[in-house]
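The values are calculated or read from the model by the stated rules, or taken from the named source; none is laboratory data. Remember, predicted model here, so these are calculated numbers, not experimental data. Ideal geometry is used to build each Cβ from the backbone, glycine not excepted, and the neighbour counts take in all protein chains shown.
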């Protein structure tokens, strides 16, 4: 009777904490959610950058973009960025229409061309310099910067271990309060997890030689659900 009353009280307190007491056949179980978070400074970045121009003729718009992209690629090469670290993100050429005030008809007034690259920078100290250099040679469209870890597996494994420790600590507190002991682990599942956010930026024709970049830290998150068998505490 005493253990049943304690279990009922613990169940009421633990529902909001992602804890479930249950009976599976002849086994009583406790299901606990755990979370682990690891903070790491990024060691590489992916810059999304390029050029866009408008002109009356399609070939003129694309020619202007091509000229800028040639200078961008030359500057990236001079900065030590390998071709394998550069990837075309988007390439487009589209007509521009303007509505005539009197006839209300859409009139073709020109074309807009753009070419956007994803550039992987493996030396964090050079990100600001590279951004400034590319704007200097004509880049006028910075879509964003994504900060990453070169080898994220170690941080992910560390977050997983912390999540399991968190779940076990919660389970032990509740089991002790209920007068029972944790048995063997019956099931472990992982779900969810955090992803780094992209920093949004905008470019202006005139900028400093070096763009100020604040990479901060990346949060690597792991969430686990663990099911334990529970047993009576030894008297």
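Numbers for the structure displayed
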quantity	calculated
Filter pass, residue 182 being touching a residue at least 40 places away in the same chain (Cβ under 8 Å), touching a helix residue (DSSP H, G or I) at 6+ places or on another chain (Cβ under 9 Å) and either assigned by TED's automatic domain parsing to the domain that holds residue 116 or not in a strand (DSSP E or B) (or both)	no
The one condition in (1) at pLDDT 90 or above; (2) touching a helix residue (DSSP H, G or I) at 6+ places or on another chain (Cβ under 7 Å) that residue 106 fails to fulfil	(2)
Yes/no for residue 173 being more than 22 Å from residue 46 (Cβ to Cβ), in contact with a strand residue (DSSP E or B) (Cβ under 9 Å, 6 or more places away or on another chain) and either at pLDDT 95 or above or not assigned by TED's automatic domain parsing to the domain that holds residue 120 (or both)	no
Strands (runs of 3 or more DSSP E) contained in region 22-123 and holding at least 3 residues crowded, with 17+ Cβ neighbours inside 10 Å and in contact (Cβ under 8 Å) with a residue 12 or more places away in the chain	27-40, 44-55, 106-121
Verdict on residue 133 being touching a helix residue (DSSP H, G or I) at 6+ places or on another chain (Cβ under 7 Å) and assigned to a helix (DSSP H, G or I)	yes
Flag for residue 215 being buried (at least 16 other Cβ atoms within 10 Å of the Cβ), in a loop (DSSP other than H, G, I, E, B) and modelled with pLDDT under 95	yes
Residue match in region 148-155 (condition: modelled with pLDDT of 90 or more, crowded, with 18+ Cβ neighbours inside 10 Å and more than 30 Å from residue 68 (Cα to Cα))	no
Residue match in region 126-138 (condition: on the phi > 0 side of the Ramachandran plot and outside the structural domain of residue 170 (by TED's automatic domain parsing))	yes
